[in-house]
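K.L.:
Take a look at this one; I'll ask things after.
The values are calculated or read from the model by the stated rules, or taken from the named source; none is laboratory data. Bear in mind that the values here come from a model prediction, so they are computed numbers and not experimental data. Using ideal geometry, Cβ is built from the backbone for each residue, glycine included, and neighbour counts are taken over all protein chains shown. To get the accessible areas, we keep the full protein, side chains included, count just its heavy atoms, and leave off ligands, DNA and RNA. Shrake-Rupley method; radii C 1.70, N 1.55, O 1.52, S 1.80 Å.
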Amino acid sequence: MAQIPNLDNSPLNLKSFREQSQKDLVDILKNIRGKKCLVIDPKLSGSISLIIQTTILRENGAELRHLSAEPVQTDCTKVVYLVRSEFSLMRFICSNIHHDTSQGLQREYYVYFVPRREVVCEKVLEEENVHNLVTIGEYPLYMVPLDEDVLSFELDLANKECLVDGNTSSLWHIAKAIHKLESSFGVIPNVRAKGKASVRIADILNRMQAEEPVNSSDMVMPEINTLILIDREVDMVTPMCSQLTYEGLLDEFLHINNGAMELDSSIMGVQQEGKKMKVPLNSSDKLFKEIRDLNFEVVVQVLRQKATSMKQDYTDMTTTHQTVSELKDFVKKLNSLPEMTRHINLAQHLSTFTSKHSFQSRLDMEQTLVEAQSYDICYDYIEELIHKQEPLVTVVRLLILFSITNSGLPKKNFDHLRRELLHSYGFEHIAMLNNLEKAGLLKKQESKGNWLTIKRNLQLVTEDTDTTNPNDIAYVFSGYAPLSIRLVQHAVRSGWRPMEETLKLLPGPHSEMKRVSTLLSFLPSSCYAVASNIFVLLIGGFSSSSSFDTLHGASAAVDRHVQTHPGFLVADGRRALVLVVFIGGVTFAEISALRFLSAQVC
């Protein structure tokens, strides 16, 4: 299966968006005549692989290398650096050029910044006396399609930069990316923002529209009806909880990066010691598209049913006379065997984690923490994990969850756990703890918290959640409805105003504005698009007919043909599309919850 995802079923024309990014990169290479060495920032290589195949780069005369402190080994006389605007990367480039100069190598150097050049980086080149040897350009890659309904801004450090470092440059980047979307799909008429960064992005977006207006003369109707911006800081409870969807658990234990996982081949049933395999995860894999958003308990059942069905088909083939048509259907099913094998292997590997008593205990404790009950039991449990030296990430996530739901820890307990953690895991983690405090994720209790009120008002905890036939987004955490997605649900149904008092209990300001032309009128929206500094999801809005094939939701029991209601259409009869932007990242479980909502009539 190709790593580059198929975008044919995207609710927006993301294929043309990707093709433009391909063309921009190919044009850069074509404008540098002859053979050249393309040296790529390692963190960009995954993004580039989702945009263009390496064979196309080579066809345009490029040798491929990764940027590092080591000199570039190539016979090419032209070296093209493709890098993010980061100080440390400039040092590598300068070191490479100085090495070539000392060796008497005569080369032409080109530095293309992604997505834009920054003065601080050029300053480094000047200070190292290599600026005059370098031709500088930009490769405006502001977002990358990870899947037919997922885009990435590739700003994995945005949350830390904003909350800890006070660096808000990523906010301009996000606003610019959204403005580029508007250039292709029309000005988004309704904007709702929650959180300090989100409100600021909304303001930057308006300023960009005033300074560089999107020419919408040829657009009868904007394709995106509503933009919802939410700071990750508004809901830090959800990312601290263990994701229980199939895709979420794959990320928890095996780590998904740029729409793929790198695994030991033994996990996939290939016995080659030490060999790694790259496993792409996107909707090109039809089985993955069907099960990715299901609760893991249901995934195991679905795979078992499919395997049993395939076995029965095989038995029928060998014991009864089959028509040509039946043979053809059987062969078609056999084509899906590699996908079946892949996901059975992955599910079996995940089960080795989820069946452990420690995992179940952790889920129980997360539920207790979310319900903000039994303070002493939670405190003792976390202290015990520290003494057992359980994985630091597990301990820190529970500690943050404990702090948020209790509005901090009493000073005595705070100091004790902090001291115990450093004794168990090492004093090199002092900086991490200080950063957590600076970000407000770990703090001393100074006043009574409002988590219980928020939980009650938004109905975040549901009893007797049906994970097989879910009727609420809470299925993604087996009983906890992600706060962030509850906000989206309310924002789309009725806007911010009816929930004003609850919004005031959450971090940061909120805003709501109309940017709609007086020539157009819009009715309430019903479908979703989602974005973050990591992901932009574009969900729903597929059809103007009375029924349409929704994105795969939470289970096979969800009706795939939702009747569109006149109240959920925009003026020309299309189903409304909503873009939801998370500033600071989004979990796969939240993405699954949004896909589930997209399959419902709000």
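K.L.:
Only one of these conditions is not met by K332: (1) modelled with pLDDT under 70; (2) not in a helix (DSSP H, G or I). Which number is it?
P.N.:
K332 satisfies all of (1) modelled with pLDDT under 70; (2) not in a helix (DSSP H, G or I) except (2).
K.L.:
Yes or no: K35 surrounded by fewer than 17 Cβ atoms within 10 Å (Cβ to Cβ), more than 30 Å from L579 (Cβ to Cβ), more than 28 Å from the chain's Cα centre (by Cα) and in contact (Cβ under 8 Å) with a residue 12 or more places away in the chain?
P.N.:
Yes: the conditions hold for K35.
K.L.:
Kindly evaluate V187 against the criterion of being within 22 Å of R33 (Cβ to Cβ) and either modelled with pLDDT under 95 or in contact with a Leu (Cβ under 8 Å, 6 or more places away or on another chain) (or both).
P.N.:
no
K.L.:
Would you check if I93 is β-branched (V, I, T) and touching a residue at least 60 places away in the same chain (Cβ under 8 Å)?
P.N.:
no
K.L.:
Still on this structure: If we scan the stretch 397-405, do we find a residue that is touching an Asp or Glu at 6+ places or on another chain (Cβ under 9 Å) and among the β-branched types (V, I, T)?
P.N.:
yes
K.L.:
Can you tell me which residues in the stretch 1-31 are within 21 Å of Y139 (Cα to Cα) and under 17 Å from the mean Cα position of the chain (by Cα)?
P.N.:
The answer is I4, L14.
K.L.:
Okay, next question. Taking the conditions exactly as written (modelled with pLDDT of 95 or more and closer than 24 Å to L14 by Cα), does L29 satisfy them or not?
P.N.:
yes
K.L.:
Report yes if some residue within the stretch 222-235 is more than 23 Å from A593 (Cα to Cα) and either touching a strand residue (DSSP E or B) at 6+ places or on another chain (Cβ under 7 Å) or not basic (K, R) (or both); otherwise report no.
P.N.:
Yes, because at least one residue in the stretch 222-235 is more than 23 Å from A593 (Cα to Cα) and either touching a strand residue (DSSP E or B) at 6+ places or on another chain (Cβ under 7 Å) or not basic (K, R) (or both).
K.L.:
Could you check the stretch 443-476 and list, in sequence order, the residues that are open to solvent by 10 Å² or more (accessible area, probe 1.4 Å) and hydrophobic (A, V, I, L, M, F, W, C)?
P.N.:
Passing the criteria: W451, L452, V461.
K.L.:
Right, E420: under 30 Å from the mean Cα position of the chain (by Cα) and either charged (D, E, K, R) or open to solvent by less than 60 Å² (accessible area, probe 1.4 Å) (or both) or not?
P.N.:
Answer is no for this residue.
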